[in-house]
Amino acid sequence: MNPQAGEIFCFNKPYRWTSFDLVYKVRGKLKHRMGGGRLKVGHAGTLDPLATGVLIVCTGKATKRIEELQAHTKEYVATLKLGATTPSFDRETEEDATYPTGHITRELVEQVLQQFHGTIMQVPPIFSAVKIDGKRAYEFARKGREVELKAKPLTIDEIELMECDLDNMQIKIRVVCSKGTYIRALARDIGQALHSGAYLTDLCRTRVGDYRLADCLDIHTFDQWLDTHPVAVDAEDEQ
């Protein structure tokens, strides 16, 4: 294995880690095995800190493939709470409003989900890395400033109701979608389509292209994995 020549790793990003946290840890472990030297490392497709699942990490010359990998179709499994909203559309912030839920049935949920199948327009969350005048949207959000984000087209190839627990007003869905889809924003829009509210309580990215969750490495056992995969160093970069 030669990280400088270019390697592609698939990790299961831990809960509450940022995508950069994982990249930083991978870079550190690889550079330690290399005995120092230069090493470029990046990821293909950000995952929110509260999400887990497939995060592709590229090293060395393979970082040139990041844009290609980011464009791959993605699959998520998401849990939504119905009848309430949060400013961030997930559990990062506290509930700010509650809504009626007595009219919600499994049949209604299934009908509403199909409204999001195909090409749709989606407004990104204000708590996101979308840039506005050179700044990230979340920078404005955390200062309490209101900004207008434009809707963008995206494609949802599959959307499936996996579980429907109306006693606790929770549903679990599987979504196969294009690059740029915000599942938090999808939760918001599903709540509105139900004439209620909804926000994300759990999210796992289970696939990016052909990279699947079952094939992912665990950063906590990456050192043991490296023990069985010797790391080579380009001669020109040896110290």
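Rule-based calculations on the coordinates, nothing more; no lab input. Remember, predicted model here, so these are calculated numbers, not experimental data. Every residue, glycine as well, gets a Cβ built from its backbone with ideal geometry; the counts of neighbours run over all protein chains shown.
The packing ranking, built from the mean of other Cβ atoms within 10 Å per residue, places the peptides 177-183, 162-168 in the order 177-183, 162-168, highest first. Structure remark: mean-square fluctuation, Gaussian network model of the chain, C-alpha springs under 10 Å; the largest value among Ile171, Ile120, Ile66 belongs to Ile120.
For Rg and Dmax of the Cα atoms in Å, the value computed from the atomic coordinates appears in the list (i) 21.5, 73; (ii) 17.2, 49; (iii) 19.9, 68 under label (iii). Proximity of backbone amide H atoms, modeled 1.01 Å from N, is registered between Gly83 and Gly197, Ala198 at under 5 Å, excluding neighbours fewer than 5 places apart on the same chain. For the options Lys172, Lys81, Lys150, a Gaussian network treatment of the chain with springs between C-alpha atoms closer than 10 Å singles out Lys150 as fluctuating the most. Please work out the C-alpha center-to-center distance from segment 1-24 to segment 42-89 and express it in whole Å. Cα centroid of segment 1-24 versus Cα centroid of segment 42-89: 12 Å apart. 3J(HN,Hα) along segment 162-172: 8, 9, 9, 10, 7, 5, 9, 6, 10, 10, 10 Hz, from the Karplus curve 6.51 cos²θ - 1.76 cosθ + 1.60 with θ = phi - 60°, whole Hz, x for Gly and Pro. Under a Gaussian network description of the chain, with springs only between Cα atoms under 10 Å, the residue in Glu67, Glu95, Glu107 that fluctuates furthest is Glu107.
Figure legend: label point modelled 7 angstrom from the Cα of Glu160 along Cα→Cβ; residues of segment 81-110 with amide N under 16 Å from it are 110.
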